[in-house]
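*Asks:* Have a look at the structure that comes next, please.
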Amino acid sequence: MIVMDKIKIDNLKTESRNPKTLNLDTMSTVELLRIMNEEDQKIIDTIKDALPQIEKGIQLVIRALNQKGRLIYMGAGTSGRLGILDAVECAPTFSTTDEVIGIIAGGDKAFVKAVEGAEDSEELAVKDLENARISENDVVVAIAASGRTPYAISALEHAKKMNAKCISITCNKDSLLSKYADVAIEVDAGPEILTGSTRLKAGTCQKIILNMISTASMVGIGKVYGNLMVDMKATNLKLVQRAKRIVMESTGCDIDTAAKTLELADYNSKVAIVMILTDITKEEASRQIAENHGFIRKCME
């Protein structure tokens, strides 16, 4: 049980007033935008300082995915929405099914409308993880700008009991949430231009870190060839055209060959690429890809 009296917000950087914007309501629009832009530029440097911890977290995720585990994002409010956003984009980009999921305090309805009190419920986090059938093979990433959200803390507390690996992402140093993590990713986003509005700099920090975790993890399990998204699902006309370009870029073939081979490969870009590069059948290409755990380069060896 989390003792909330110990989790004060008074001294949190994300809750402090930004001295540059004490008169925000009197500024011209261009002046506001200039300061906002200056503050946003600080984000890149603060994330740079956290790269070693982000890398450690990614290694945990790669290991979990290779063991048929999952990457589970959890958070409340903006943090929860960002986790869901990153998770759902993994499906079309990397052909994931349930390997990456996002859970928000208050359920799916909280994505579009705030659910009062959900972020303060420790029991809700436990229930959500139980419903997700968490296992020791999973990695739970709890996201909370403040680092004090009871829902996020309880998620990691329960995940640890289930022997799952735990990662925290916070925008305050030495947060309580970090104490429950195997890997604590902490960035100092500093005070927002609008006091306490952590959908701004803090939210941008979180989005960038989530981009890093999911993208680097997918590279690490063989879902990328060169810098091409070879596991992309060609589910509409635009993506079919992109799939053709991916095959052409990967093999040096012309568009007719790419189109014909993709059709033979049931629009699986990986299979089409291996078919062309090794001059083998769809069945042989599929077998090689499976044997090499999805890595096209290994099929070439």
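The values are calculated or read from the model by the stated rules, or taken from the named source; none is laboratory data. Remember, it's a predicted structure, so these values are computed and weren't measured experimentally. Here the Cβ is made from the backbone with ideal geometry for all residues, glycine too, and neighbour counts use every protein chain on show.
*Asks:* Name the single residue, out of those in segment 149-167 being among the polar types (S, T, N, Q) and in contact (Cβ under 8 Å) with a residue 60 or more places away in the chain, that is farthest from residue 70 (Cα to Cα).
*Replies:* Looking at residues that are among the polar types (S, T, N, Q) and in contact (Cβ under 8 Å) with a residue 60 or more places away in the chain, I get 149.
*Asks:* Exactly one condition in (1) of a type outside the set (A, V, I, L, M, F, W, C); (2) free of Cβ contacts under 8 Å to residues at least 40 places away in the same chain; (3) within 20 Å of residue 137 (Cα to Cα) is not met by residue 31; state its number.
*Replies:* With (1) of a type outside the set (A, V, I, L, M, F, W, C); (2) free of Cβ contacts under 8 Å to residues at least 40 places away in the same chain; (3) within 20 Å of residue 137 (Cα to Cα) applied to residue 31, the lone miss is (3).
*Asks:* Let me confirm something: among 152, 110, 159, which residue is modelled with pLDDT of 95 or more, hydrophobic (A, V, I, L, M, F, W, C), farther than 16 Å from residue 210 by Cβ and assigned to a helix (DSSP H, G or I)?
*Replies:* Values: 152 fails: farther than 16 Å from residue 210 by Cβ; 110 fails: modelled with pLDDT of 95 or more.
Going through 152, 110, 159 in turn, the sole match is 159.
*Asks:* To continue, here is another question. Looking at (1) within 13 Å of residue 145 (Cα to Cα); (2) touching a residue at least 40 places away in the same chain (Cβ under 8 Å); (3) touching an Asp or Glu at 6+ places or on another chain (Cβ under 6 Å), which is the only condition residue 170 fails?
*Replies:* (2) is the only condition that residue 170 fails.
The rows are residues; the columns are (1) touching a Ser or Thr at 6+ places or on another chain (Cβ under 9 Å); (2) buried (at least 21 other Cβ atoms within 10 Å of the Cβ).
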site: 52; (1), (2): no, no
site: 56; (1), (2): no, no
site: 62; (1), (2): yes, no
site: 67; (1), (2): no, no
site: 71; (1), (2): yes, yes
site: 79; (1), (2): yes, yes
site: 84; (1), (2): no, no
site: 87; (1), (2): yes, yes
site: 91; (1), (2): yes, no
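*Asks:* What single numbered condition from (1) within 17 Å of residue 224 (Cα to Cα); (2) part of a helix (DSSP H, G or I) fails to hold for residue 287?
*Replies:* For residue 287, the exception is condition (1).
*Asks:* I'd like to verify a number: residues in segment 162-173 that are part of a loop (DSSP other than H, G, I, E, B), hydrophobic (A, V, I, L, M, F, W, C) and in contact with a strand residue (DSSP E or B) (Cβ under 6 Å, 6 or more places away or on another chain), how many?
*Replies:* 1
*Asks:* Look at residue 241 and say whether it is touching a strand residue (DSSP E or B) at 6+ places or on another chain (Cβ under 7 Å), within 27 Å of residue 93 (Cβ to Cβ) and among the polar types (S, T, N, Q).
*Replies:* Answer is no for this residue.
*Asks:* Within the bounds of segment 214-234, is there any residue that is under 15 Å from residue 141 (Cβ atoms), among the hydrophobic types (A, V, I, L, M, F, W, C), assigned to a loop (DSSP other than H, G, I, E, B) and at pLDDT 95 or above?
*Replies:* No, segment 214-234 contains no residue that is under 15 Å from residue 141 (Cβ atoms), among the hydrophobic types (A, V, I, L, M, F, W, C), assigned to a loop (DSSP other than H, G, I, E, B) and at pLDDT 95 or above.
*Asks:* Only one of (1) of a type in the set (Val, Ile, Thr); (2) buried (at least 20 other Cβ atoms within 10 Å of the Cβ); (3) modelled with pLDDT under 95; (4) under 30 Å from residue 11 (Cβ atoms) fails for residue 167. Which number is that?
*Replies:* It fails just one condition, (3).
*Asks:* Now, a different point. Residue under question is residue 146, and the condition is that it be out of contact with any helix residue (DSSP H, G or I) (no Cβ under 9 Å at 6 or more places or on another chain), polar (S, T, N, Q), in contact (Cβ under 8 Å) with a residue 40 or more places away in the chain and assigned to a loop (DSSP other than H, G, I, E, B); does it hold?
*Replies:* no
*Asks:* Also, quick follow-up: Taking the condition of being assigned to a loop (DSSP other than H, G, I, E, B), in contact (Cβ under 8 Å) with a residue 60 or more places away in the chain, buried (at least 22 other Cβ atoms within 10 Å of the Cβ) and among the polar types (S, T, N, Q), how many residues in segment 174-212 meet it?
*Replies:* Looking only at that region, the number is 1.
*Asks:* Which residue pairs have Cβ atoms closer than 8 Å, lie 6 or more positions apart in sequence or on different chains, and pair a first residue in segment 112-123 that is in contact (Cβ under 8 Å) with a residue 24 or more places away in the chain with a second residue that is in a helix (DSSP H, G or I) and among the aromatic types (Phe, Trp, Tyr)?
*Replies:* Pairs that qualify, where the first residue is in contact (Cβ under 8 Å) with a residue 24 or more places away in the chain and the partner is in a helix (DSSP H, G or I) and among the aromatic types (Phe, Trp, Tyr), are 118/151; 119/151; 120/151; 121/151; 122/151.
*Asks:* Given (1) buried (at least 23 other Cβ atoms within 10 Å of the Cβ); (2) free of Cβ contacts under 8 Å to residues at least 24 places away in the same chain, identify the lone condition not met by residue 215.
*Replies:* Tallying (1) buried (at least 23 other Cβ atoms within 10 Å of the Cβ); (2) free of Cβ contacts under 8 Å to residues at least 24 places away in the same chain, residue 215 fails exactly one: (1).
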